Amino acid sequence: MAAKENAPTATIVGTPTTRVTLIHKDDLADLFVKIVDQLTMLSASTYPVINAAGHQEDLGPIVNEFSKAIGFKGKLEYREAESPFEEGMLTGLNFRPNKARGLLQWEPRQIPFAQGMQIYAESYKALKD
């Protein structure tokens, strides 16, 4: 929107160092299949809670790569959360997929979000055009 309208600024909730935990839908689907396939073993041997975390990344590189990929030329401004929803979205999650790795031999296969931003941005632009 900001790029299309040649806006001078785009405002992002958070800071460039806000950590976000992301997982690609294909990695999540793969994890769910592995969980279902091994559910009997998992429920018999451990509390069946497995964290679905693909990658933890800083918000700044994600936003910077997206801005470049969509051709945004303006200034990026960050701001504090102003609502409970925004505060919740910025809440850091400190978890790792160690249980999934150890019990299910699962590893996220998709590249981190910022690294794959050109692909994601092209998809976004195609939807907007």
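Among the lysines, which have Cα under 23 Å from the Cα of residue 25 when same-chain residues fewer than 8 positions away are ignored? Result set, ordered by chain and number: 34, 99, 125, 128.
Computed per residue of the chain from DSSP H runs no shorter than four, each worth -39500 (n - 2.57), the mean residue ellipticity at 222 nm is -12500 deg cm²/dmol. Dipole magnitude for the range 12-101: about 220 debye, using +1 per Lys or Arg Cβ and -1 per Asp or Glu Cβ, origin at the Cα centre. Using the 1.4 Å probe convention, the accessible area of the chain works out to 67 Å² per residue with neighbouring protein chains retained.
Extension gain for residue 125 to residue 15 (0.36 nm times residue separation, less C-alpha to C-alpha distance): 37.1 nm. Between 115, 61, 17, the Cα set farthest toward the positive side of the dipole of the chain (charges on each charged residue's Cβ, about the Cα centre) is that of 115. Build a GNM of the chain with springs between Cα atoms under 10 Å apart, and of 84, 61, 16 the one that fluctuates most is 84.
Taking every DSSP bridge with both residues inside the chain, close to 45 percent are antiparallel. As an equivalent ellipsoid, the range 8-60 spans semi-axes of 35, 12, 7 angstrom, where each value is the square root of five times an eigenvalue of the C-alpha gyration tensor, largest first. Counting only alpha carbon atoms, the long axis of helix 25-37 and the longest principal axis of the chain meet at about 10°.
Using the Cα coordinates of the range 71-129, the gyration tensor eigenvalues translate into equivalent-ellipsoid semi-axes of 29, 22, 10 Å, sorted from longest to shortest. Taken about its Cα centre, the range 71-129 carries a charge dipole of roughly 340 debye when the Cβ of each Lys and Arg holds +1 and the Cβ of each Asp and Glu holds -1. Measure nothing but the geometry: give the 0 to 90° angle between the long axis through the Cα atoms of 59-70 and the longest principal axis through the Cα atoms of the chain, rounded to 10°. Here the helix axis deviates by roughly 60 degrees.
Each Cα pair under 8 Å and six or more residues apart adds its sequence gap; the mean of these over the residue count of the chain is a relative contact order of 40 percent. Considering the range 30-98 at the alpha-carbon level, its Rg and Dmax are found to be 18.4, 55 Å.
Counting every pair of alpha carbons in the chain, the share spaced more than 27 Å apart comes to 33 percent. Build a GNM of the chain with springs between Cα atoms under 10 Å apart, and of 113, 72, 32 the one that fluctuates most is 32.
The values are calculated or read from the model by the stated rules, or taken from the named source; none is laboratory data. Given the structure is predicted, the values throughout are model-derived calculations rather than measurements. Don't worry about glycine lacking a Cβ; one is built from the backbone with ideal geometry, like all the others, and counts go over all protein chains shown. Heads up: the accessible areas ignore ligands, DNA and RNA and are worked out on the full protein's heavy atoms, side chains in. Shrake-Rupley method; radii C 1.70, N 1.55, O 1.52, S 1.80 Å.
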